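This report concerns only the one structure given below.
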Amino acid sequence: MIAIGALCTIFGLALTAGLGADWHPLLATDGAGIVMLVSGIALAGSGAFPLVFARLAARDDTPQKL
């Protein structure tokens, strides 16, 4: 998901720079680039979320009480 998020972010930057006007009229709007940027950041955050918890769990050395 992190790679897909990076791809969406790059695509969003390209749309924000105005490169989408040649592809499709809907991609020429200002909102299209912002939507792709926000989606890319959200996808990257969703992909990193389990990795951060796994790293924190590996560092935790307190015994668990059941």
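Read-outs: derived from the displayed coordinates by stated rules, not from any lab. Because the structure is predicted, anything quoted here is derived from the model rather than measured. Heads up, the Cβs are rebuilt from the backbone with ideal geometry, glycines too, and the neighbour counts pull from every protein chain shown.
Scalar couplings 3J(HN,Hα) for region 26-33, obtained by applying the Karplus form with A = 6.51, B = -1.76, C = 1.60 to θ = phi - 60°, are 5, 7, 7, 6, 5, x, 5, x Hz; x denotes Gly and Pro. Between helix 2-16 and the chain there is an angle of about 30 degrees, using the helix long axis and the longest principal axis of the Cα atoms.
The chymotrypsin sites (Phe, Trp or Tyr not before Pro) of region 1-65 meeting both criteria, a DSSP state outside H, G, I, E and B (loop) and at most 13 other C-beta atoms within 10 angstrom of the site's C-beta, are TRP23. Remark: region 37-47, residue by residue, has Karplus-estimated 3J(HN,Hα) of 5, 5, 5, x, 5, 5, 5, 5, x, 5, x Hz, where x stands for each Gly or Pro and the curve is 6.51 cos²θ - 1.76 cosθ + 1.60 at θ = phi - 60°. For the peptides 38-46, 25-33, the ranking by packing is 38-46, 25-33, with the highest mean count of neighbouring Cβ atoms within 10 Å listed first.
Each of VAL35, VAL52 has some number of other Cβ atoms within 10 Å of its Cβ, and from fewest to most they run VAL52, VAL35. Calculated [222 nm] ellipticity per residue, helices only, for the chain: -24000 deg cm²/dmol; basis is -39500 (n - 2.57) per DSSP H run with n ≥ 4, divided by all residues, nearest 500. So I have (1) 23, 32, 20, 13, 8, 4, 0; (2) 23, 58, 18, 1; (3) 16, 27, 25, 26, 6, 0, and one of them is P(r) over Cα pairs in 10 Å bins from 0, in percent calculated from this model. Which one is it? Entry (1).
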